[in-house]
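**Q** One structure is given below, represented as C-alpha cells, and several questions about it will come after.
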Amino acid sequence: MIQFDAADGKKANAYMIKASSPTNKYVFVIHEWWGLNDYIKQNADKLYADLGGKVNIIALDLYDGKVTSNRDSAAAYMGAASATRIASILNGAFTFAGNKAEIVSMGWCFGGGWA
C-alpha cells in the first residue's frame, strides 16, 4: 500500500505493484462498490503477472479506506462517494505517475464508470 497527495491536499491510498524495471507505463485499477478489497488486489497481482511485470499497477482506493462485503454498506459507500473527492484522487494519481506517464485504466462495476 502507498499514499500519495490527492489534488485536494488530502492523502489518498492505493495498492501499488512497481514494474520490475523503471517505466512510465501504468494501469490504474478502480474497485467495484465493495471498496479496495482483497479481490481487487488479487486481480491487480494477476494483471501484473499477465503483463510480465513490465507495467506499474496502481489499484486506487476511492473510498478512503472503507471496505465491506455487505451489500447495504456497499450501496451506502457508493451513494456517499463524492465526485469531487474521487476526481481529486484520480488527479493526484495522475500527478503521482508523472507527466510522461502512459496510463490505461480499468475497473469493475462502480470502478468501470470511473475508469
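The values are calculated or read from the model by the stated rules, or taken from the named source; none is laboratory data. What you see is a predicted model; the values in this text were computed from it and never measured. Here Cβ is always computed from backbone atoms with ideal geometry, including for glycine, and neighbour counts include all displayed protein chains. In case anyone asks, the SASA skips ligands and DNA or RNA and just uses the protein heavy atoms, side chains included. Shrake-Rupley method; radii C 1.70, N 1.55, O 1.52, S 1.80 Å.
**Q** Which residues, counting only those in region 23-32, are in a strand (DSSP E or B), among the β-branched types (Val, Ile, Thr) and open to solvent by 20 Å² or more (accessible area, probe 1.4 Å)?
**A** Let us first name the residues in region 23-32 that are in a strand (DSSP E or B), namely 25-30.
Filter once more, keeping what is among the β-branched types (Val, Ile, Thr): 27, 29-30.
None - no residue of region 23-32 is in a strand (DSSP E or B), among the β-branched types (Val, Ile, Thr) and open to solvent by 20 Å² or more (accessible area, probe 1.4 Å), so the list stays empty.
To keep it simple, each residue is scored yes or no on (1) among the charged types (D, E, K, R); (2) under 15 Å from Ile89 (Cα atoms).
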position	(1), (2)
Ala6	no, yes
Ala12	no, yes
Ser20	no, no
Lys25	yes, no
His31	no, yes
Gly35	no, yes
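Rundown of residues vs (1) assigned to a strand (DSSP E or B); (2) more than 18 Å from Asp5 (Cβ to Cβ); (3) open to solvent by 50 Å² or more (accessible area, probe 1.4 Å), yes/no style:
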residue	(1), (2), (3)
Ile40	no, yes, no
Ala44	no, yes, no
Leu47	no, yes, no
Gly79	no, yes, yes
Leu90	no, no, no
Phe94	no, no, yes
Lys100	no, yes, yes
Gly112	no, yes, no
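**Q** State which residue is nearest to Ser20 (Cα to Cα) when the search covers only region 56-77 and only residues that are open to solvent by less than 50 Å² (accessible area, probe 1.4 Å) and touching a helix residue (DSSP H, G or I) at 6+ places or on another chain (Cβ under 7 Å).
**A** Across region 56-77, the extreme among qualifying residues is Ile57.
**Q** Okay, moving on. So which residues in region 1-22 are assigned to a loop (DSSP other than H, G, I, E, B), farther than 16 Å from Lys41 by Cα and of a type outside the set (D, E, K, R), if there are any at all? Before the answer, list the steps.
**A** Of region 1-22, the ones assigned to a loop (DSSP other than H, G, I, E, B) are 1, 6-10, 18-22.
Pick out the ones that are also farther than 16 Å from Lys41 by Cα and you get 6-10, 20-22.
Selection gives Ala6, Ala7, Gly9, Ser20, Ser21, Pro22.
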